[in-house]
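One structure is given here, and the rest of the page talks about it.
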Amino acid sequence: MIPIQHFLVLSSILFSLGIYGVLARRSAVLILMSIELMLQAVSINFIAFAVYLYPKEFSGLIFAIFVITIAAAEVGLALAIVLRIFRNKATANVDEVDVLKW
Amino acid sequence: MSYEEVIFYFVAALTVLGGLGVVLARNVVHSALFLIVALLAVAAVFILLSAEFLAIVQILIYGGAVTILILFAMMLTRVRDMPGALDGPQRPFAALAAAAFLGLSVLAVVSAEWPGETEKITVIEFSDLGDKLFRNWAAPFEVASLVLLVALIGAIILARGEEGE
Amino acid sequence: MEEAWLIPAIPAGAFAVLLLFGKYLPRRGDWLAIGAIAASFFLFFPVLIDLLEEVDKPGFAGVASGIDWVKFSLPGGPDFNLRLGFFVDELAIVMLAVVTFVTLMVMVYSTGYMKGDPRYGWYFAAMSLFAAAMLTLVLADNFLLLYAAWEGVGFCSYLLIGFWHERRSASEAAKKAFITTRIGDVGLLIGIFLLWREAGTFDISEIFEFAEEGGYSPEYLTTAVLFLFAGAVGKSAQFPLHVWLPDAMEGPTPVSALIHAATMVVAGVYLVARMMPLFLEADPVALNVVTALGLTTVMMSATMGLVATDIKRVIAYSTINSLGLMMVALGSGSVTAAMLYLFAHGFFKALLFLSAGSVIHATERQEVGQLGGLARRMPVTAAVFGLGALSMAGLVPLSGFWAKDEILNVAGDHQNFVVYGFMMLSVFITALYMMRVVILTFLGEPRDREAQEHAHDAEPAMTVPLLLLAALTVVAGFVAFDGVGEALGFPGGFGEFLFTEEPEAFHFPWDVAVLSTVAAVAGLGAAFYFWSGAAEPARRAAETFRPAYETLKRKYFMDDIYQWAIDRVVLVAGAVIAWFDRNVVNDTGVDGAAGLGVFSGFGMKFLETGKLPNYALGIVTGVIVLAIVLMVVRA
């Protein structure tokens, strides 16, 4: 059997990669992809906890379902916003969208 | 090493490789493709965790819908044509932050005392899952569907454009 | 007597109306001010009658009425009670009589004297305010209200001394008066707080009870009482805080008559008289201090009056003289003598000032060097002035004689013969300088023909108050007699009505009377010798005793000493504190704190780059830091 820590370390690696992506990438779409990575890691975590530690009330499984749902909704909306910005400013580069600057 | 461990390491490596590709690729379309790899690998991880239903859902939704969405957005925002669209000026800090987080997280995992069984997976019956979902979690379920509706409407409005288009 | 609070309230109301609407009223509202004070005067009578009914009953200690305004307990300390309370007893009634009547006379007189002044309306408003404050002071039943009224009269004095503030000397005099009395007022406040701290109350009657039960240690009480006396020293122009009163003559003459003769300056005497139970409980040194300062004041003022050349200044010095006499009487433990003198003095001093005012109004001159021989052209004024002067000198059977004799009497009984001797000497000197000013002003030949051209007795508005006051000057002294008192409805003479511990039936000490009359007549005669005609003997005396003459002329150099102290000590300290305030408190503290805010704000704004990745980095960094902290804490 695989100890739970293996799965948790895996999800940590994925999450860190996601963090790097969010902070380092310039295009909004790329950032969104990194966010998807982070969400994946979170799902793995939830399911691992549910299956290993709390098999009676496996809330983690249910949560993972919701995570997927919400992630889908969020991606749809976020991409719509990106499209909007692109239309207004002709760029999807988050470094150039700094209208709320001091 | 048992069979499961071998399979686990293989799937894990695949996932990590996919993730690395997403954040490090020089070509944005390559990033998207690497994302597909990562998503599918995560589905395999779910199977290893005996959450087959979720694996299927994952493949359907992520591997199907989300990736298409992202590819479309890439096309519409002409990411490929824009220069300097890849890495921003925060790179070193990002690497630092990610490394710090990773270190902390692994430390926490390794040194924590887990309540309960950490070696054995308990398989969860599919029917139990459905039961729980529609009984105890019925309200959040409905709310989730509302969220989807709102997101749908919002996306349409936002992406529709100016009046008369 | 429960409605006694109306007596100060009506002039207060008149002040408010005059302040807001004075300029729209016909004649600027002087009738309103006069009407208000007349109402107070008329209200005095029912209060008096009420009092007379109660006073025979045993254990009568005055009637109080009022409302509590703010009341709370200090944690672990005495209670604090702000109360608008009014208290009527025999002492208060005597003061009420003097204050209301003299104020009324002065206000009527002012309609003539101040006619045509551009700020006529404001004059009557300020006078009404003064009347309200003075009456409140007389009737206050607790120290806080008394102190508030005390400050009020001081403020009105400032307003009225500096009434013609276009004149530099007038505003300087007003400042001097206020600041000098302020020094005394601080002492008064300290005394009040000392008394309150132990007794837990500001109420005067309760404090008396507390003291009688021995609630204060003797040293504590003596100290507190001496601080209270400091207030009296300032307000009643005792040495060394007497320097403001001669300068206060810059104000209009009716103001001098009212405030600096009959009412405000006697507030100090009233205070000591009212506090007599405390003085008697305290160490005898307190009363000795009172006597000592009083006697010094008497001698200094009498000698300075000899060389003053402005009529009003001479009368001012005579006021300081009288105040000193009253303090000596109080120092001898006799409220009766002091208050009898206060009663008589209110009338004849106001008379002196107002008739001097008539002279000034007629001739536009104040210096005796420019007056003289006015008796011919202003006979009525001369007569009443002369009457007032003789009363001041203490000639029988005028009121001044009876009052001064009472004082000499108690001084003889309770003080050593040095005090008594000086008092007799002061009788002589007083007669001397009072007669001097009469001779120089009204008798002899006019020294300035031109000023005399239009001199005549004043209009009825001014002369009638003079005549009324003159009448009282003649008869007021007779209230000392038992028979007179009983006829008027009192339980006896003045001494049976108002007393310290035991009623004092009137008795006539022949030795004192004869001695004082001899001294007075000698003074009058000597005055004629020195100053009649061309005043040759006076000039020769001044030459012979040049140093003494100069010292007197320079007011014993007191003004110079004070000015030096102010320049070298007070202003220097003020400059240091001002530097500290400007540089440390303002520039560094206030401006610095503000500058720091601005600077840091300016610096911080660069955090708002508007770029999402930066914000995201911030969030992640925050999470990592929190995680580290949590791990460390948990470990």
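The numbers here are math on the coordinates, done by the rules we state, and not lab data. Owing to the predicted nature of the structure, the values given are computational and were not obtained by experimental measurement. Every residue, glycine as well, gets a Cβ built from its backbone with ideal geometry; the counts of neighbours run over all protein chains shown.
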Find, among the trypsin sites (Lys or Arg not before Pro) in segment A:1-67, those assigned to loop by DSSP (not H, G, I, E, B) with at most 13 other beta-carbon atoms within 10 angstrom.
A:Lys56
Which pairs break 31 Å Cα to Cα here: C:Lys175/C:Lys404; C:Lys349/C:Lys553; C:Lys23/C:Lys555?
C:Lys175/C:Lys404; C:Lys23/C:Lys555
On a C-alpha basis, how far is the centre of segment C:143-191 from the centre of segment C:119-138 in Å? Whole number, if you could?
14 Å
I'd like the distance separating the alpha-carbon centroids of segment A:67-89 and segment C:243-315, in whole Å.
93 Å
Order of C:Ile439, C:Ile311 under a 10 Å beta carbon neighbour criterion, fewest first:
C:Ile439, C:Ile311
Got the relative contact order for chain C handy, in percent, Cα pairs under 8 Å and 6 or more residues apart?
11 percent
Kirkwood Rh over alpha-carbon pairs of the protein assembly as shown, then Stokes-Einstein at 37 °C and 0.692 mPa s: what D in µm² s⁻¹, rounded to an integer?
92 µm²/s
Measure out, as a whole number of angstrom, how far apart the alpha-carbon centroids of segment A:15-42 and segment C:324-363 sit.
100 Å
Tilt, helix C:168-199 to longest principal axis of chain C (alpha-carbon atoms), in degrees rounded to tens, equals 70 degrees
A correct Stokes-Einstein calculation for segment B:1-75, using the alpha-carbon Kirkwood radius, 37 °C and 0.692 mPa s, returns a whole-number D in µm² s⁻¹ of 256 µm²/s
If you keep only loop residues by DSSP, which GluC sites (Glu not before Pro) in segment C:116-209 have at most 11 other Cβ atoms within 10 Å of their Cβ?
C:Glu166
Using only Cα atoms, what is the ratio of the radius of gyration of chain A to 2.2 N^0.38 Å?
1.34
I need the phi-derived Karplus couplings for segment C:615-631: 6.51 cos²θ - 1.76 cosθ + 1.60, θ = phi - 60°, integer Hz, Gly and Pro marked x.
5, 4, 4, x, 4, 4, 4, x, 4, 5, 4, 4, 4, 4, 4, 4, 5
What do the square roots of 5 times the Cα gyration tensor eigenvalues come to for chain B, in whole Å, largest first, as semi-axes of the equivalent ellipsoid?
32, 27, 17
Could you work out [θ]222 nm for the protein assembly as shown from helices alone, using -39500 (n - 2.57) per DSSP H run of at least four and dividing by all its residues? Round to the nearest 500 deg cm²/dmol.
-23000 deg cm²/dmol
Order of C:Thr180, B:Thr122, B:Thr67 under a 10 Å beta carbon neighbour criterion, fewest first:
B:Thr122, B:Thr67, C:Thr180
Ascending count of other beta-carbon atoms within 10 Å, so fewest first, for A:Ser34, B:Ser50:
B:Ser50, A:Ser34
Under a crude label model (7 Å from the Cα following the beta-carbon direction), how far is A:Leu100 from C:Leu488 in nanometres?
8.9 nm
Segment C:501-550: which chymotrypsin sites (Phe, Trp or Tyr not before Pro) are DSSP loop and have at most 16 other beta-carbon atoms within 10 angstrom?
C:Phe545
Largest first, please: the extent of the C-alpha atoms of segment C:36-178 along each principal axis, to the nearest Å.
52, 44, 21
In degrees rounded to 10, the 0-90 angle between helix A:4-24 Cα long axis and the longest Cα principal axis of chain A is 0 degrees
From largest to smallest, what semi-axes in whole angstrom does chain C give when each is the square root of 5 times an eigenvalue of its alpha carbon gyration tensor?
52, 31, 26
